[in-house]
Each structure stands twice: as C-alpha cells, then as structure tokens.
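Working notes for the structure below.
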Amino acid sequence: MRITSVELRRVRLAFLAPIRTAAGTSAVRDLLLVKVETITGEGWGECAALSEPTYTAEYVEGAAAVLRSHLVPRLLAAGGEVAGAGAVAPALAAVRGHHMAKAALEMAVLDVELRAAGVSLAERLGGTRSTVEAGVALGIAPSVGALVDAVGTAVDEGYRRVKLKIEPGWDVEPVAAVRARFGDGLVLQVDANGAYRVADAAHLALLDPFGLAMIEQPLPPDDLAGSAELARRIATPICLDESITSAEVAAGVLAMGAAAVVNVKPGRVGGYLEAARVHDVCLAAGAPVWCGGMFETGLARAANLALAALPGFTLPGDLSPPARYLAADLVAPLLANNGRLQVPSRPGIGADLLPDALEEYTTATELLVPPP
Ligand code: MG
C-alpha cells in the first residue's frame, strides 16, 4: 500500500465518574487517534496511552511526540510505500519501547489493509468464537458501601466476573465485604497495579481465603524475581499485566513462575499482531490469558473483542462497553447481553467512527506526509 498521509488527532472524552487506581485519579480520557490514509481508503488506530506516565512510562503527549518525530517518519521513509501491517513493527524496531504509540500506528495500517481485503480483525487473528464474555473492572471506591453498591449494579447487569482495584490500605476489607455480600458464585479478582512489594507477601496472603481468581500485578513491572517469590508465598494465582511487554517476555515470565495467568493489552505489547503472539505463547504453555482494558473508546474495544475471540482467551476480559465508564463514545454503542458481547465481523478493525462525535470531541489535529 502507499500511505499518502498520517493524521494525529487528540480527543477529549469525560469519564462518567472520576476513575481512581493506585496510580491516581482521572476525570477525563485524553486520547490520541491515528488516521492512515492511502490512495484506496483510510484506517484508524487508537493509542492506549493515558494522560500521565503512571500506568507505564508512556503518556499521551509523549506518544504524539514520538509518532511525529520518530515513528511516522520511519514508516513513511520510502515515500509512504509500506508492505502491509506486518511490515509496521519491523520498520519501527530501531526505536526502543513506545509500544502504545507503535501499536496505534500499526492498528491504523491494519484497519486500512483489512478493509481493502474485506477481512475482519477476528478472521485475520484466528478468532474462533462469535461472542466473548466480559467482566467489569471497578476503581478504588470512596467507601466499602459504595464499592458493594457498584458490584451490585454490575451483577444486576449480568456480569459474573468483577475485578477490584486494590492498594495498601484498601485490600482485605473491601474484598471481604464483596465476597460476604455476593457469595462464592461471583468470580472475583483484584488488581494492584504494582502497588505492593515482595515484603508484603504475608499481608497479601490474607487474601487467600477469599478464593480470588487472581491478583493482578501485585509488584512493580520490573520485579519479575519478586513476583516468582511471591507466587511461592501466596495461594492466589498471580496475573501479570504491566510486566508483559512482548511475547518473548511472556514466555520468560511463565517459564520462571512469575505468573500463572497473563493479561494481554495490544497497546502495551506494541499492537494486535504481537498480542496474538502473546496469546500463542500462553496457549502453548497452558497458561490462561485474557484481554485487559485501557478505558478505550468503542473503536479499540471493538478490536479487543476480536482479539479475545482467539481460543486461548479462556477468562473474561475487561471488555465491558465503554458506556460503563465514558460519558460519550466515538462509535455506535457496543452492547452487552448478560455480560457477553458480539465479536465484530465487519471488514477492518471492527468499528466505524461517528463523524459528528469525532468532530465534537476533537481538540487538535496534525497532518504528517511522506517526504517528496
Ligand atoms: Mg491491570
């Protein structure tokens, strides 16, 4: 394909309610979208990076800067000629890190390519199911009572898996309250976003009696040895999220016993193609894998549904409709029925942006073109 331009577009969407995790509180989702235009059509990518570099080192301003100065110029170096989505990661490989920025660019190229070929993302990645089960993720609540109410709403909507964000000072008590109120039938798991240290092992073992499906990222992303040690000292299975940056890292983490479960986020590993490779590694190792969320719009969440259609995604992902957390979306609403969502089957990454919504929520655009 020949890319004629790449547009970087900033969009600002309000959260329904401020989101609080161990890393801080956000009231708005400041997003970066990437549009790739070719002579035959256009494709869109959504960057997972958040406003602040607190989930991983990437953040939205940084993603825009690295795309503008380093990634887009590399991709367009041959006058915009690109062999296809599979050629994007190799073209950008000299730039270290910046997986979310790379993933957004690859996603846009993938969208153009799939639309031109009349193929859906699920088909391209090897999806085997037409619906997927979603769980909900709940931030740190103002009180245990408010958390129990929020879980009750999710359960009433038909969700059977709930994930609670935890941090030191907000862990055993909320978990005990939710378990006591909803019983053992609720699949319950927690996410610490790296807020503990291996020295907290005895404290984290206090969660063992609650039969949690997993504890996600208890230790900082780089502490893989600590995670392997913690896995020996607590009964709750460890899932790694922030630590998993590629299929190679996933293979190493599973081999060293630092995790029993893997959370895959396409942005964090550099794109949907690498995310599918992480899935393959986990499937081969017999480790359950599930798709995480980054408070995406429906654009990326539709694509995540396609990823979660792969056979190794045996656990519900953070795939609930964006209407649960965003006050407005950029695509037609994704709908859940008793906690299940349809895997998109249309050509492309899975959703069309609504022009009016895109216009309304855009705060800035910037056009990059190939060198003459
Ligand atoms: Mg997580």
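Structure summary
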quantity: Size of charge dipole - the stretch 122-342 - debye, nearest 20, with Cβ of Lys, Arg +1 and Asp, Glu -1, no other charges; calculated: 420 debye
quantity: Full-stretch length increase - Glu248, Gln342 - with 0.36 nm per residue and alpha-carbon distance subtracted; calculated: 30.8 nm
quantity: Percent of C-alpha pairs per 10 Å bin, the stretch 122-342, short to long; calculated: 8, 35, 37, 18, 1
quantity: Folded to 0 to 90 degrees: helix 144-156 orientation relative to the chain principal axis, Cα; calculated: 60 degrees
quantity: Gained length - Ser130 relative to Ala77, 0.36 nm times residue gap less alpha-carbon distance; calculated: 15.2 nm
quantity: Inter-site label distance for Asp156 and Leu283 at 7 Å from Cα along Cβ, in nm; calculated: 3.9 nm
quantity: Efficiency of FRET from Cβ geometry, Val148 and Arg12, R₀ 56 Å, rounded to 0.05; calculated: 0.95
quantity: Those GluC sites (Glu not before Pro) in the stretch 80-159 that DSSP places in a loop and that have at most 15 other beta carbons within 10 Å; calculated: Glu157
quantity: Spatial separation of Cα centroids for the stretch 26-74 and the stretch 294-315, in angstrom; calculated: 19 Å
quantity: Cα gyration tensor of the stretch 77-128 - equivalent ellipsoid semi-axes, whole Å, descending; calculated: 21, 14, 8
quantity: Cut-off under 5 Å, modelled amide H: who pairs with Val28 long-range; calculated: Phe15
quantity: From phi via Karplus (6.51, -1.76, 1.60), per-residue ³J(HN,Hα) for the stretch 15-20 in Hz, x at Gly/Pro; calculated: 6, 4, 9, x, 9, 10
quantity: Residue-normalised accessible area of the chain, expressed per residue, 1.4 Å probe, Å²; calculated: 39 Å²
quantity: Sequence-separation-based contact order of the stretch 215-327, relative, with Cα cut under 8 Å and 6+ spacing, percent; calculated: 21 percent
quantity: The chain - percent relative contact order, Cα under 8 Å, separation 6 or more; calculated: 23 percent
quantity: Of Ala287, Asn263, Gly317, farthest towards positive along the dipole that unit charges on Lys, Arg, Asp, Glu beta carbons give the chain; calculated: Ala287
quantity: Per-residue HN-Hα couplings for the stretch 125-141 [Karplus 6.51, -1.76, 1.60; θ = phi - 60°; Hz; x = Gly/Pro]; calculated: 7, x, x, 10, 10, 9, 9, 10, 8, 10, x, 10, 10, 10, x, 5, 8
quantity: Contour excess over end-to-end distance, with Cα ends at Leu335 and Arg68 and 0.36 nm allotted per residue; calculated: 92.6 nm
quantity: Over the chain: helical MRE at 222 nm, DSSP H runs n ≥ 4 each giving -39500 (n - 2.57), nearest 500; calculated: -9000 deg cm²/dmol
quantity: Fraction in percent of alpha-carbon pairs per bin - 5 Å, the stretch 143-246; calculated: 2, 13, 25, 24, 17, 11, 7, 1, 0
quantity: Selected from Met107, Met256, Met214 as most flexible by GNM, with the chain as the system and alpha-carbon contacts under 10 Å; calculated: Met256
quantity: Total charge dipole magnitude, the chain, about the Cα centre, Cβ charges on Lys, Arg, Asp, Glu only, Debye to nearest 20; calculated: 360 debye
quantity: Long-range HN-HN contacts of Glu81 with modeled amide H, under 5 Å; calculated: Ile3
quantity: Carbon/sulfur fraction of accessible area - the stretch 83-149, other protein chains in place, 1.4 Å, %; calculated: 53 percent
quantity: Spatial extent of the chain: Rg and Dmax, with the Cα atoms as the point set, Å; calculated: 19.9, 66
quantity: In order through the stretch 84-101: 3J(HN,Hα) via Karplus (6.51 cos²θ - 1.76 cosθ + 1.60), integer Hz, x for Gly, Pro; calculated: x, 4, x, 8, 5, 4, x, 5, 9, 5, 5, 7, 7, x, 6, 4, 5, 5
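The values are calculated or read from the model by the stated rules, or taken from the named source; none is laboratory data. All figures in this text were calculated on a predicted structure; none of them were measured in a lab. Cβ: placed from backbone, ideal geometry, glycine included. Neighbour counts: every protein chain shown. For the accessible areas, the whole protein counts, side chains as well, though only heavy atoms, and no ligand, DNA or RNA atoms are used. Shrake-Rupley method; radii C 1.70, N 1.55, O 1.52, S 1.80 Å.
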